[in-house]
Number of protein chains: 2
Amino acid sequence: MRFDRDAPASKLQGLVPAVIQDDESGEVLMVGFMNEEAFALTRRTGFVTFFSRTRNALWTKGETSGNRLQVTRLLADCDDDTVLVRVKRLGDGNVCHTGARTCFFKEIEANG
Amino acid sequence: MRFDRDAPASKLQGLVPAVIQDDESGEVLMVGFMNEEAFALTRRTGFVTFFSRTRNALWTKGETSGNRLQVTRLLADCDDDTVLVRVKRLGDGNVCHTGARTCFFKEIEANG
């Protein structure tokens, strides 16, 4: 993976988007960002850890709720600047902080 | 959707990540970025248009290759700052510029 800290401001300096997908159902559950340390921790521990841009800190998904995300497979994209994390949902399986199963629950009308 | 141009540099100023997922197979095909205009065009035309941060311009996926991505469903996440686009693959169906079906074809060893 490439974590380009010297990228222009229009790029994500030192961060890569991480798409979280349920390995069983194929549902896309959420998107977060990882820096090099979050990515290394995710690999080493087997649980998804993001870098929170708001809190400027690492956060392991589910560390308080118990709804951790166990890594099943990790895939880099062709440019090594995005990661796809296939996971098993632990705890009650609800990934979104709203209590929903996935963060993507708001349908947008296609012709707007 | 929120396109926050005044976000701090650590955030994506005026851009949102767009996860492209095959509506039939559930495969995650690629991730791009959309600004407000790219998002509006995607909705209006029914074909995925991104904003290229490298070229600083809109680009409709497949405009030269013919491998356009037809929008089937659009979903916003809980924070309205990421979009999931479920698509039908047109042309030869190979989404990646390398000729692969998906951009996510590089397996990363989980314990690294």
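Going by the structure shown, is B:Asp23 touching a Pro at 6+ places or on another chain (Cβ under 9 Å), surrounded by fewer than 20 Cβ atoms within 10 Å (Cβ to Cβ) and among the acidic types (Asp, Glu)?
No, not satisfied.
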Exercise for the section: Quick one: count up the residues across the stretch B:1-25 that are in contact with a Lys or Arg (Cβ under 9 Å, 6 or more places away or on another chain) and of a type outside the set (A, V, I, L, M). Expected result: 10
Completion exercise
Flagged in the stretch B:84-112 as of a type in the set (Val, Ile, Thr) and in a loop (DSSP other than H, G, I, E, B), in numbering order, are B:Val95, B:Thr98, B:Thr102
Practice task
Of the numbered conditions (1) surrounded by fewer than 17 Cβ atoms within 10 Å (Cβ to Cβ); (2) more than 19 Å from B:Leu74 (Cα to Cα), A:Phe39 fails exactly one; give the number of that condition.
Solution key: (1)
Practice task
Within the stretch A:70-112, track down each residue that is touching a residue at least 12 places away in the same chain (Cβ under 8 Å), surrounded by 15 or more Cβ atoms within 10 Å (Cβ to Cβ) and of a type in the set (Lys, Arg).
Solution key: A:Arg86, A:Arg89, A:Arg101
Fill in the blank from the handout: If we keep only residues of the stretch B:58-69 that are open to solvent by 40 Å² or more (accessible area, probe 1.4 Å) and touching a Gly at 6+ places or on another chain (Cβ under 8 Å), then the residue nearest to A:Phe47 (Cα to Cα) is B:Arg68
Fill in the blank from the handout: Within the stretch A:24-83, restricting to residues that are among the acidic types (Asp, Glu) and either assigned to a helix (DSSP H, G or I) or more than 8 Å from chain B (Cβ to nearest Cβ) (or both), the one that is farthest from the chain's Cα centre (by Cα) is A:Glu24
Practice task
May I ask you to verify whether A:Gly14 is touching a residue at least 12 places away in the same chain (Cβ under 8 Å), open to solvent by less than 50 Å² (accessible area, probe 1.4 Å) and at positive phi?
Solution key: yes
Exercise for the section: Kindly indicate whether any position in the stretch B:5-14 is assigned to a strand (DSSP E or B) and farther than 23 Å from B:Cys78 by Cβ. Expected result: no
Practice task
With respect to B:Arg2, determine if the residue is in contact with a strand residue (DSSP E or B) (Cβ under 9 Å, 6 or more places away or on another chain), among the charged types (D, E, K, R) and facing another protein chain (nearest Cβ under 9 Å).
Solution key: no
Exercise for the section: Could you look through the stretch B:8-23, keep only residues that are within 9 Å of another protein chain (Cβ to nearest Cβ) and more than 25 Å from B:Gly91 (Cβ to Cβ), and pick out the one that is nearest to the chain's Cα centre (by Cα)? Expected result: B:Leu15
Practice task
With the condition kept exactly as written, say whether any residue in the stretch A:45-52 is modelled with pLDDT under 95, surrounded by fewer than 20 Cβ atoms within 10 Å (Cβ to Cβ), more than 28 Å from B:Asp23 (Cβ to Cβ) and in contact with a strand residue (DSSP E or B) (Cβ under 6 Å, 6 or more places away or on another chain).
Solution key: yes
Practice task
Quickly run through the stretch B:26-47 and pick out the residues that are farther than 21 Å from A:Leu29 by Cβ and in contact (Cβ under 8 Å) with a residue 24 or more places away in the chain.
Solution key: B:Asn35, B:Glu36, B:Phe39, B:Thr42, B:Arg43, B:Gly46, B:Phe47
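The values are calculated or read from the model by the stated rules, or taken from the named source; none is laboratory data. As the structure is a computational prediction, the values presented were derived from the model and not from experiment. Neighbour counts run over all protein chains shown; Cβ positions are idealised from the backbone, glycine included. Each accessible area value is taken on the protein alone, full model and side chains, heavy atoms only, with ligands, DNA and RNA left out. Shrake-Rupley method; radii C 1.70, N 1.55, O 1.52, S 1.80 Å.
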